[in-house]
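Enquirer: Dropping a structure here in structure tokens format, bear with me for questions.
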Amino acid sequence: MRRSAAIAILILFGATGCQQISLRTWRSSVEQYVWDQANGAPSVLRDVPSPGPWKGFSVISENDPASATDINGVLLGHRQIGPKTYFIFLVGLVQQQQVQDIRLAVVWPSPTGFEWRFSRKNNQSFRTYRDFKVAEWRKLFPERAAGPWSHTGFPSEADIFKLSIAGGRVTASHEQSGASWTLEVPPDGATTAPTVADSD
């Protein structure tokens, strides 16, 4: 494996250099993995082995980290919200080893398909997380002009994430920085079209 981050999960390589990696790519790859590995049984997502503190799911565009785009999803839990049980991920977009965006995502695999919801872009929470990581690596490596990928990507080995659910309100927080991401899920089980906001 080309990197030793704590989220050492399944990694899929883009077939060509022109393949665009996005939240939609990551979502589709999760679905494909569930069907290919477990014939649609979603429990396979809980069984992906990881040597680190989290399980999760990653997609990368190519093997060269200096030019690759990665989507790394940390599996925070498998929790019931209303009548449905969701897999809950915190998903980070990493370009050239620099985290660019973080979203909260939930998925309910149903017999007829996958129902997804993603939080919208949260610039304030993202900056809080990123600024904490920048201050951290500058303190540890004051002689460096740029931080090591282990402190500029997502997730970092020392990251601690917490998950809380109140009714249909799902919140993921980064313990060290205080950054948090929130997503509202209808607790009555009402369904809408899956939400994927790549550029909001």
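Enquirer: What number comes out for the charge environment of Lys133, summing +1 per Lys or Arg and -1 per Asp or Glu over other residues with Cβ under 15 Å away?
Expert: Working: positive: Arg127, Arg130, Arg138, Lys139, Arg144; negative: Asp101, Asp131, Glu136, Glu157, Asp159, Glu175.
Neighbourhood net charge equals -1.
Enquirer: Moving on. Run the quick spin-label model on Asn63 and Val134: label points 7 Å from Cα toward the beta carbon, then report their separation in nm to one decimal.
Expert: Taking the two extended label points, one gets 3.4 nm.
Enquirer: Please list, in chain and number order, the residues 5+ apart from Lys84 or on another chain whose amide H is under 5 Å from its amide H, with Hs placed from the backbone.
Expert: Under 5 Å from the amide H of Lys84: no residue qualifies.
Enquirer: Any idea how far apart Val44 and His78 come out in nm if each label point goes 7 Å out from Cα toward Cβ?
Expert: Taking the two extended label points, one gets 1.3 nm.
Enquirer: Given the protein chains as shown and a 1.4 Å probe, how many square angstrom of Ser150 are accessible, to the nearest 10?
Expert: 40
Enquirer: Can you give the translational diffusion coefficient of region 93-180 in µm²/s, computed by Stokes-Einstein from the Kirkwood radius over Cα pairs at 37 °C and 0.692 mPa s?
Expert: Here the translational diffusion coefficient equals 225 µm²/s.
The values are calculated or read from the model by the stated rules, or taken from the named source; none is laboratory data. Remember, it's a predicted structure, so these values are computed and weren't measured experimentally. Every residue, glycine among them, receives a Cβ derived from its backbone with ideal geometry; neighbour counts consider all protein chains shown. Ligands, DNA and RNA are stripped out before the accessible areas are found, and what is left, the full protein with its side chains, is counted by its heavy atoms. Shrake-Rupley method; radii C 1.70, N 1.55, O 1.52, S 1.80 Å.
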